[in-house]
1. Would you check if residue 173 is on the phi > 0 side of the Ramachandran plot and either touching a strand residue (DSSP E or B) at 6+ places or on another chain (Cβ under 9 Å) or buried (at least 18 other Cβ atoms within 10 Å of the Cβ) (or both)?
2. Being touching a helix residue (DSSP H, G or I) at 6+ places or on another chain (Cβ under 9 Å) and at pLDDT below 80 is the filter here; which residues of the stretch 64-82 pass it?
3. What pairs come out if I take residues in the stretch 75-99 that are outside the structural domain of residue 50 (by TED's automatic domain parsing) and pair them with residues that are outside any strand (DSSP E or B) and at pLDDT 90 or above whose C-beta lies under 7 Å away, six or more apart or interchain?
4. State yes or no: is residue 59 touching a residue at least 40 places away in the same chain (Cβ under 8 Å) and in the same structural domain as residue 103 (by TED's automatic domain parsing)?
5. Output the number of the condition that residue 146 fails; it satisfies all remaining conditions of (1) closer than 13 Å to residue 209 by Cβ; (2) not in a helix (DSSP H, G or I).
6. Can you tell me which residue is nearest to residue 192 (Cα to Cα) among those in the stretch 213-225 that are surrounded by fewer than 17 Cβ atoms within 10 Å (Cβ to Cβ) and modelled with pLDDT of 90 or more?
């Protein structure tokens, strides 16, 4: 069995090359592109994901894959994924110290084309500024105020009202929204929000959540400011 230990150093998004010190299967097997494998020790099913504790002789590793039927004792073949540390699943009400969201996985080492695909990984979109004016939420702050005082609001719960300009669902167990309120600080006019709530594009909503600063998901997908664990409030 090929070792999965080297996966612990991989914090890459989809379609990136693996680290130089990873142990791969021979490239002569054209129908298979799996880099790692492990025996499944535990399975947890959710509405969108299947969480698997996989292991070789040396290390246990939690991975999250697109929902599929797997069983304890099976060998799971998978490729590199994005590591999320201290990831909290609200559906399970459980925090994983480390979990890798894997793009492809199968119980067979070949025929990779028939395996299910993961829900999309977060891709930082190109953001265009909208010409709009949104009234600040009562007891809240504007996007410009947030960026102008990022250190002040780090790790604090705040309210921000804005118009939803982009929205993606089921990315690493969260929904991702982008909002604008018409304010701008030094070229920063957009706020990324992660939430379990669902919203419509162009809706004006007030989010309340925790502000994280300088959040880096790897491979250039970093955010100077991001609001996490947000809920929609009136």
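1. Spelling it out, residue 173 is indeed on the phi > 0 side of the Ramachandran plot and either touching a strand residue (DSSP E or B) at 6+ places or on another chain (Cβ under 9 Å) or buried (at least 18 other Cβ atoms within 10 Å of the Cβ) (or both).
2. 80, 81
3. none
4. Yes; evaluated as a whole, the condition is true for this residue.
5. Only one criterion in (1) closer than 13 Å to residue 209 by Cβ; (2) not in a helix (DSSP H, G or I) is unmet by residue 146, namely (2).
6. So the residue we want is 224.
The values are calculated or read from the model by the stated rules, or taken from the named source; none is laboratory data. The structure presented is a predicted model; accordingly, all values stated were derived computationally and were not measured. With ideal geometry, Cβ positions are generated from the backbone for all residues, glycine too; neighbour counts draw on all protein chains shown.
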